[in-house]
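For reference, the structure is listed below as structure tokens.
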Amino acid sequence: MSKIILTGDRPTGRLHIGHYVGSLRRRVELQNSGEYDKTFIMIADAQALTDNIENPEKVRQNIIEVALDYMSAGLDPAKSTLFIQSQVPELTELTFYYMDLVTVARLERNPTVKTEIGMRGFGASIPVGFYTYPISQAADITAFKATTVPVGVDQLPMIEQTREIVRKFNSVYAPVLVEPEALVPETEAAKRLPGIDGKEKMSKSLGNCIYLSETADEVKDKIMKKMFTDPTHLQVTDPGHVEGNMVFTYLDAFCKDEHFERYLPEYANLQELKDHYTRGGLGDVKTKKFLNSILQETLDPIRARRKELEKDIPYVYEVLRKGSEAAREVAAQTLSEVKSAMKINYFEDAELIRMQSEKYKPAE
Ligand code: TRP
């Protein structure tokens with residue numbers, strides 16, 4: 001069986017380093033691994049609209065931001081199909097049919113949707129489109145017969161819902177759809193990178209992000225001046241805490257042993273650095289400078305590619321247009337299989353027309 005990747009993001013803002021360690025970095029590795037027959041990366045504008053009814057312009061503006069972030073981070077249109085969800089209308093059609101396979105009670109149990117409803121303050125006024133977006137996400141995934149969906153842990157309920165729809169469809173109709181597997185980040189820090197203020201999650205609304213597109217100075221300022229460390233670590237000589245200290249949380253997500261050789265050769269690895277900090281005698285400026293070197297090294301090539309891409313925005317739109325066309329072809333093929341399994345392929349079914357003619361033939 002072919003191995004196929006599909007994943008994507010809602011275009012509601014620029015991507016930040018939480019997205020990068022949580023999923024983007026992995027996608028680029030998978031794309032380059034040569035182990036997958038196809039990689040589809042989708043900008044989920046239709047899903048973004050389900051809770052941005054008042055903000056169509058925001059979604060429109062962020063399509064290009066996300067596309068630039070993707071391509072700058074290393075997603076390569078020669079290897080991956082980059083496309084826009086709304087430009088593949090087959091996905092909407094699949095969604096409508098899958099709705100028959102899911103109960104309202106099942107949607108109610110989705111923990112991610114529950115949390116989001118609370119966060120967005122929908123109260124009793126939940127848009128039906130928002131409520132049902134897990135079904136549309138199942139269409140996104142199954143339309144491409146994806147086997148592998150690299151996502152953050154918050155997306156696991158969507159993959160579970162997709163798997164249920166696939167099993168139901170295949171048992172009720174015919175074995176057309178493929179059950180996908182989620183691929184989540186390996187380390188805790190990569191799973192849920194907190195904001196620079198140490199708050200729950202890096203998020204635009206909390207203003208605690210480091211964006212992939214920020215300049216070197218902006219990133220440095222955020223680390224040196226704003227990053228939350230250990231409020232009890234007042235003097236360099238004081239023993240410090242690494243838990244809840246964002247410098248160490250970010251080092252967990254970004255630091256490799258080779259970074260020590262380059263920037264802090266007096267330590268062999270992160271554990272040694274942590275031990276020293278915990279004992280006392282290691283200052284925040286030093287750990288922050290180290291983190292800054294690592295982040296700059298990670299972000300430099302991303303920024304450089306972005307600068308190049310920004311010179312030719314029509315090219316980026318062209319990539320998305322071509323990608324959307326290619327995605328449409330694949331989705332149309334699946335839709336056609338789905339429709340014949342559901343017996344709604346009247347005009348392609350010569351046998352049906354022949355039988356009906358037989359049935360209605362006037363008596364001799
Ligand atoms: N729900 C994802 C997000 O909020 C975006 C998304 C839409 C997606 N369809 C998908 C992710 C299919 C993976 C697979 O970012």
Residues of region 179-188 being surrounded by fewer than 20 Cβ atoms within 10 Å (Cβ to Cβ) and touching a residue at least 60 places away in the same chain (Cβ under 8 Å), in sequence order, are L183, T187, E188
Given the conditions (1) open to solvent by less than 20 Å² (accessible area, probe 1.4 Å); (2) away from the ligand (no atom under 11 Å from the Cβ); (3) modelled with pLDDT under 95, and given that K191 satisfies all but one, which numbered condition is not satisfied?
(1)
Go through region 285-314 residue by residue and tally those that are in contact (Cβ under 8 Å) with a residue 12 or more places away in the chain and among the acidic types (D, E).
3
Flag for E261 being exposed (fewer than 13 other Cβ atoms within 10 Å of the Cβ) and within 27 Å of E214 (Cα to Cα):
yes
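Give the number of residues within region 138-178 that are within 9 Å of the ligand (Cβ to nearest atom) and open to solvent by 20 Å² or more (accessible area, probe 1.4 Å).
The first filter runs over region 138-178 and keeps only residues within 9 Å of the ligand (Cβ to nearest atom), leaving 138-141, 146, 149-152, 154-155, 158-159, 162.
Now narrow it down to the ones that are open to solvent by 20 Å² or more (accessible area, probe 1.4 Å): 154-155.
Adding up the residues that qualify gives 2.
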Tally of residues being at pLDDT 90 or above and surrounded by fewer than 14 Cβ atoms within 10 Å (Cβ to Cβ) across region 194-220:
4
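Could you count how many residues in region 2-29 are among the aliphatic types (A, V, I, L, M) and closer than 27 Å to T92 by Cβ?
In the first step, residues of region 2-29 are kept if they are among the aliphatic types (A, V, I, L, M); the result is 4-6, 15, 17, 21, 24, 28.
Checking the rest, the ones that are also closer than 27 Å to T92 by Cβ come to 4-6, 15, 24.
Going through region 2-29 one residue at a time, the tally reaches 5.
Mind listing whichever residues of region 332-355 are aliphatic (A, V, I, L, M) and farther than 13 Å from L177 by Cβ?
Taking region 332-355 first, the residues aliphatic (A, V, I, L, M) are 332, 335, 338, 341-342, 344, 350, 352-353, 355.
Passing the criteria: A332, I344, A350, L352, I353, M355.
Of everything in region 122-133, what is within 11 Å of the ligand (Cβ to nearest atom) and either surrounded by fewer than 23 Cβ atoms within 10 Å (Cβ to Cβ) or over 17 Å from the mean Cα position of the chain (by Cα) (or both)? Give them in sequence order. Spell out how you get there, then give the answer.
In the first step, residues of region 122-133 are kept if they are within 11 Å of the ligand (Cβ to nearest atom); the result is 133.
Within region 122-133, none qualify.
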Within region 264-287, residues being open to solvent by 40 Å² or more (accessible area, probe 1.4 Å) and among the hydrophobic types (A, V, I, L, M, F, W, C) number 2
Pairing a residue in region 49-70 that is closer than 30 Å to L299 by Cα with any residue that is of a type in the set (K, R) and part of a loop (DSSP other than H, G, I, E, B), where Cβ atoms lie under 7 Å and the two sit 6 or more apart in sequence or on different chains, gives E65/R14; D69/R14
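The values are calculated or read from the model by the stated rules, or taken from the named source; none is laboratory data. All figures in this text were calculated on a predicted structure; none of them were measured in a lab. Note: ideal-geometry Cβ built from the backbone for every residue, glycine included; neighbour counts use all protein chains shown. Keep in mind that these areas ignore ligands, DNA and RNA; they rest on the heavy atoms of the full protein, side chains included. Shrake-Rupley method; radii C 1.70, N 1.55, O 1.52, S 1.80 Å.
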